[in-house]
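Enquirer: Handing you a structure now.
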Amino acid sequence: MRSSASTVSALFERVDERVIHFLSRHGIFFLRISLGLTFVWFGALKVFDVSPVAGLVAGTVYWMPPERFVLFLGMWEILVGLGLLAGRFLRITLLFFLLQMAGTFLVLLVKPEVAFQGYNPFLLTTEGEFVIKNLVLISGGLVVGSTVRSRRSVSRTLGRVRA
């Protein structure tokens, strides 16, 4: 007869296997969708001129008319978000994604007084935190990008099966 500890352990193992299977099967899909929604949302805030970071963006890219640049950036972000949501043309979508993300780090170079407390790189301001959190978004984009080739090979395989 099994002990209650081994029964609980076996139950935990079965649940753990199912959860891990679900995560490995669907996690990247959810990551792609959440990145897409985030980009559409942040882009729409800029397009409708209600973004709390519009001033930061406009002040960072001082060599362009601020209203035009914020609008352009908002439309860029919406397109990236739609590309991520659709899951089509991911290579070009992720290229635009990474270009936009790289641009966010300009704040650290062009406006260090805005990003750091007393110019200390270890003491971030709210704006600095806003920029640094983009490292997580970039990592998410890289994970989604790691699936591009496998998605294509799955499509080719399905095409051969159907033919």
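Enquirer: Would you work out which of Ser6, Ile33, Asn134 lies farthest towards the positive end of the dipole of the chain, given +1 charges on the beta-carbon of Lys and Arg and -1 on that of Asp and Glu, about the Cα centre?
Expert: The listed residue farthest towards the positive side: Ser6.
Enquirer: What residue among Pro121, Val144, Pro52 has its Cα farthest toward the positive end of the dipole of region 28-162, where the charges are +1 on Lys, Arg and -1 on Asp, Glu, each on the Cβ?
Expert: Val144
Enquirer: Can you compute the label reach from Tyr62? Point 7 Å from Cα along the Cβ direction, backbone N cut-off under 13 Å, restricted to region 89-103.
Expert: Taking a point 7 Å out along Cα→Cβ of Tyr62, no residue of region 89-103 has its backbone N under 13 Å.
Enquirer: Let me ask you something else. Given 0.36 nm per residue, what is the gain on full extension from Val8 to Leu95 after removing their alpha carbon distance, in nm?
Expert: Once the chain is fully extended between Val8 and Leu95, it gains 26.6 nm.
Enquirer: Residue-wise, which Karplus ³J(HN,Hα) couplings in Hz belong to region 90-106, taking 6.51 cos²θ - 1.76 cosθ + 1.60, θ = phi - 60°, and x for glycine or proline?
Expert: 5, 4, 6, 4, 6, 5, 5, 4, 5, 4, 5, 4, 4, x, 5, 6, 4
Enquirer: Counting alpha carbon pairs within less than 8 Å and at least 6 residues apart, what relative contact order, in whole percent, applies to the chain?
Expert: 21 percent
Enquirer: Once amide H atoms are built 1.01 Å from N in the peptide plane, which residues 5 or more positions from Phe116, or in another chain, come under 5 Å H to H?
Expert: The list, which skips near neighbours in sequence, is Thr125.
Enquirer: Kindly express, to the nearest 10 degrees and within the range 0 to 90, the angle between helix 66-86's C-alpha long axis and the longest C-alpha principal axis of the chain.
Expert: Compared with the principal axis, the helix lies near 10 degrees.
Enquirer: Here's something else I'd like to know. Tell me the label-point distance for the pair Tyr119, Phe48, using the 7 Å Cα-to-Cβ offset, in nm and rounded to one decimal.
Expert: Label-label distance for Tyr119 and Phe48, simple model: 4.1 nm.
Enquirer: Suppose every K and R has +1 on its Cβ and every D and E has -1 on its Cβ; what is the size of the dipole of region 1-109 about the Cα centre, in Debye to the nearest 20?
Expert: 340 debye
Enquirer: Val15 to Phe30: extension gain in nm, 0.36 nm per residue of separation minus the Cα-Cα distance?
Expert: Stretched fully, the Val15-Phe30 segment lengthens by 3.3 nm.
Enquirer: Okay, moving on. Convex hull over the Cα atoms of the chain, averaged projected area in nm²?
Expert: Numbers: hull surface 62.3 nm².
Over every viewing direction, the Cα hull of the chain projects on average to 15.6 nm².
Enquirer: Grab the DSSP H runs of the chain that are 4 residues or longer, score each as -39,500 (n - 2.57), total them, divide by all residues and round the 222 nm result to the nearest 500 deg cm²/dmol.
Expert: -26000 deg cm²/dmol
Enquirer: Sticking with this one: Please report Val131, Val15, Val61 as a ranked list, fewest other C-beta atoms within 10 angstrom at the top and most at the bottom.
Expert: If I rank by nearby Cβ atoms, fewest first, I get Val15, Val61, Val131.
Enquirer: Which ordering of Met101, Met75 is given by a fewest-first count of other beta-carbon atoms within 10 Å?
Expert: Ranked by crowding around the Cβ, least crowded first: Met75, Met101.
Computed from the coordinates by the stated procedures, all read-outs in this text should not be read as laboratory data. Model, not experiment: these values are computed from the prediction. Cβ: placed from backbone, ideal geometry, glycine included. Neighbour counts: every protein chain shown.
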